Amino acid sequence: MDPFVLTRSLQRIGAVTLFLLGEMGRMVLFLLATIGWLFRPPFRLFQVFKQVHFVGFKSTFVVVLTAAFTGMVLGLQGYYTLRKYGSEGALGSAVALSIIRELGPVLAALMVTARAGSAMTAEIGIMRITEQIDAMETMAINPLQYLIAPKIVAGLISVPLLVAMFDVVGIVGGYLVGVDLLGGNPGSYWSSIEAAVEWKDVYGGILKSISFGLIVTWVCCYKGYFTRMSAEGLGAATTEAVVLASVLVLVWDYFLTSVLL
C-alpha cells in the first residue's frame, strides 16, 4: 500500500476517534451539570409536572397500541409454536416473560423516543436557533435547570409507568388471541404466568425502564441543546437524537440483560 494513502487513512481514523471521544465527554459533562442543577433551588416542580404530562400521558396511546398488538402477535406465534410440542399451557409464561423482560421496556422506550424524544430535540433546538436560550442566560435563568432537568426527571418517572402499562396490556393482548381467539385454556394461561414470573424478572424490567428513560431524555436534550444554528442543523439534530437514543437503548439493553440473567 502507498505510505501516503496509509498515513491519510490513519489520520482520518484518528480524527474520527478524537471527535467521538470529545462528543462522549461533552455528553457526560452535560448530564453531570444537569444532575447538579437538580438539587439547587428554585425547584421547577411545575415544569416537571408539565413534562410528565407531555412525555408520559401523551405517549400513552401509542404505547398501549404497540403493547396490544405486540401481545397479540406473541400469543399468535407462541400458540402455534407451542402446539407442535403439546405445550399450549406454557403460552402465558412465554408471553409474560418475553414482554416483562425485554419487549416491554425496549419497545416502550423506542415509542417514547419516536414521539416525545424527537419533540424534545426540536423544541430545544428551535429555542437555541431563535436565541431564546441565550435570552434565559441573560436573565440569569439557567437553561439546564429550567429546560433540561425537568425533562430528565419526567423521563425517569414516565417511562417506568409506561412500561408497566405496556406489560399489562401486552399480557392481556396475548390472552385475547391465545385463549379467546384460538381456544387455549384460560386457567393454564394465568397459572403459568404465576408460576414462571419471579421478582427478579419484574425488577429487571423496572431497572431497564428507568435507565432507558434517562438515556432517551439525556440524548434528545443534548442534541437539541447543541443544535447547529440553521434549519438543516435542526433537522440533523432531531434525526441524530432519535437514531442515537434508539441504538443506545438496544445496546444498553444487551449489557443489562447479560448482567441480570
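Summing +1 for each Lys or Arg and -1 for each Asp or Glu among the other residues whose beta-carbon sits under 13 angstrom from that of residue 75 gives -1. Could you tell me how far the Cα centroid of region 140-219 sits from the Cα centroid of region 1-80, in Å? Taking the Cα centre of each part, region 1-80 and region 140-219 sit 17 Å apart.
Within the shell defined by Cβ-Cβ distances under 9 Å, the residues around residue 205 carry a net charge of -1, with Lys and Arg each +1 and Asp and Glu each -1. Full extension of the chain segment joining residue 38 with residue 26 gains 2.5 nm, where the gain is 0.36 nm per residue of separation less the Cα-Cα distance.
If R0 is 30 Å, the Cβ-Cβ spacing of residue 138 and residue 256 corresponds to a FRET efficiency of close to 0.10. Bridgeable lysines around residue 151 (alpha carbons under 23 Å apart, same-chain partners fewer than 8 residues away excluded): 50, 58, 208, 223.
I'd like to verify something in the chain: which complete DSSP H helices, judged by Cα projection on the helix axis, reach 20 Å or more and average at least 0.0 on the Kyte-Doolittle scale?
3-38, 60-83, 149-175, 199-225, 231-260
Near residue 137, within a Cβ-to-Cβ distance under 13 Å, what is the net charge of the other residues, with Lys and Arg +1 and Asp and Glu -1? My count for the surroundings of residue 137 gives -1.
A convex hull fitted to the Cα coordinates of the chain yields 177 cubic angstrom per residue. In region 87-129, whose amide N lies under 15 Å from the spot 7 Å out along Cα-to-Cβ of residue 231? List them in ranges. Those under the cut-off are 126, 129.
In nm, what is the difference between 0.36 nm times the number of residues separating residue 7 and residue 247 and their Cα-Cα distance? Full-extension gain reported as 83.3 nm. The calculated FRET efficiency for residue 199 paired with residue 172, based on their beta-carbon distance and R0 = 25 Å, is about 0.75.
Values in this text are rule-based calculations from the coordinates and carry no lab data. As the structure is a prediction and not an experimental result, all values here were calculated from the model. Positions of Cβ are generated from backbone atoms using ideal geometry, with glycine treated the same way; all protein chains shown enter the neighbour counts.
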